[in-house]
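Okay, structure first, notes after.
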Amino acid sequence: MAELDDIIHQPLRLKIMAALNALPAAASGLEFSRLKKLTGATDGNLGAHIETLAKAGYVAVEKAFVGKKPQTTVTATAAGRGAFARHVATLQEIIAASARQP
Amino acid sequence: MTSIDSREAASALSDIDSIVHRVRQSRIYDLTSLMLILWGALTFAGYLVTYLSPRHAGYAWIAVYVTGTVGWALISASNRARSGIRSFDIRILAAFLLFVAFGIFSSVWLGHFTPRQMGTFWPIYFMLVYTIAGLWVGQAFVAIGLSIIALTLVGYFYIGEAFPLWMAFVNGGGLILGGLWMRRS
């Protein structure tokens, strides 16, 4: 059986990756404020977990100014999308294996 | 290595499903809010012309529909460039034209509606679709649709000469407020 990805498995990081993977690969990612709303996380907590995902190469973080307002956009990388797909497949395998047991 | 049982795995998958649903709903709301604000402003203008200069109402409403359809295509093209999601294609345009054609068939050819009945029929007809769509894509659509339908009927039965002005605020204003509300939710 494949292994669970320890980086993605943490609940908030799982939500972040799920949100980013829900977008098409061609999409421009999600703004920090939108991710915060979707995950229900605080600024500090969300920032720390995004940093962990970025260090693993699972997300790319882009900071820019829209007018005078700073805007942070987070996008899932190809490696991140692959890792997330494997993680989901492993979760499904765990459930299927459990169902097969007598 | 992390090890979990099937219950925890099911819970994680359920969390993923829930987030995916919220992301999709949020993107639908993003795009729809712009459409609502556009159609709200145009509808407001259409009713205002109908109230101030009833003779020109027909031209005003043709202009509303043409401008709205072009604006819809432009917003969708901009959204596609930004998000990679296509939201306007020939089938959607065909569905919209069929919808409008059926409305014209029912209200003009079949029903011979008076201008007042027309002003009541069209918002209810459009809002019915919003309400039905809301059963799948989000409660905001249901709330906006039912509110505008109810206020339109109030106007039809209780508002006199100022009915087009009432509808400018109820239908046009309602769509704009609905769009702004969606942007915040």
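Throughout, read-outs are computed from the coordinates displayed, never taken from laboratory work. Since we're looking at a predicted model, the values are computed, not measured. Don't worry about glycine lacking a Cβ; one is built from the backbone with ideal geometry, like all the others, and counts go over all protein chains shown.
With contacts taken as Cα pairs under 8 Å and at least 6 residues apart, chain A reaches a relative contact order of 34 percent. Taking 26 Å as the straight-line reach from the Cα of A:Lys55, the lysines in range (excluding those fewer than 8 positions away in the same chain) are A:Lys15, A:Lys36, A:Lys37, A:Lys63, A:Lys69.
Put simply, the amide H of A:Leu4, placed in the peptide plane, has neighbours under 5 Å in B:Thr2, leaving out anything fewer than 5 places away on its chain. A dipole drawn for chain A from +1 and -1 charges on Cβ atoms has a positive end, and of A:Ile7, A:Ala99, A:Leu53 the residue lying farthest that way is A:Leu53.
Roughly how tilted is helix A:43-55, in degrees to the nearest 10 and between 0 and 90, from the longest Cα axis of chain A? Taking Cα atoms only, the helix is inclined about 70 degrees. Taking the Cα of B:Arg24, stepping 7 Å toward and past its beta carbon, and measuring to each backbone N in region A:9-46: which are under 14 Å? The answer is A:19, A:21-24, whose backbone nitrogens lie closer than 14 Å to the label point. Between the C-alpha center of region A:18-73 and that of region B:1-69 there is a gap of 23 Å. Across chain B, the mean sequence separation of Cα contacts (distance under 8 Å, 6 or more residues apart), normalised by length, yields a relative contact order of 35 percent. So for the pair B:Tyr158, A:Thr42, with labels modelled 7 Å out along Cα→Cβ, what separation do we get in nm? Distance between label points: 4.8 nm. With both labels modelled 7 Å from their Cα along Cα-to-Cβ, the B:Arg183 to A:Glu62 distance reads 2.2 nm.
FRET efficiency for the B:Val100 to A:Gln92 pair, using the beta carbon distance and R₀ = 51 Å, is estimated at 0.70. The C-alpha radius of gyration of region B:1-160, expressed as a fraction of 2.2 N^0.38 Å, stands at 1.34. In this structure, the amide hydrogen of A:Thr77, modeled 1.01 Å from its nitrogen in the peptide plane, lies closer than 5 angstrom to those of A:Val59, A:Ala60, counting only residues at least 5 positions away or on a different chain. Phi angles across region B:20-37 convert, under the Karplus curve 6.51 cos²θ - 1.76 cosθ + 1.60 with θ = phi - 60°, into 3J(HN,Hα) values of 4, 4, 5, 5, 4, 5, 5, 6, 5, 4, 4, 5, 5, 4, 5, 4, 5, 5 Hz, Gly and Pro given as x. Taken one residue at a time, the phi angles of region A:56-69 give Karplus couplings (6.51, -1.76, 1.60, θ = phi - 60°) of 7, x, 8, 9, 10, 10, 10, 10, 8, 10, 10, x, 9, 9 Hz. Gly and Pro are set to x. For region B:89-185, the relative contact order works out to 22 percent when only alpha carbon pairs closer than 8 Å and six or more residues apart are counted. Extending 7 Å from Cα along the Cβ direction at B:Ser53 and again at B:Thr67 yields two label points whose distance is 1.3 nm. Using only Cα atoms, tell me the angle between helix B:90-104 and the longest principal axis of chain B; keep it within 0 to 90° and round to the nearest 10. Roughly 40 degrees between the two axes. Net length available on complete extension from B:Ala77 to B:Phe169 is 30.2 nm, with 0.36 nm assigned per residue and the Cα-Cα distance removed.
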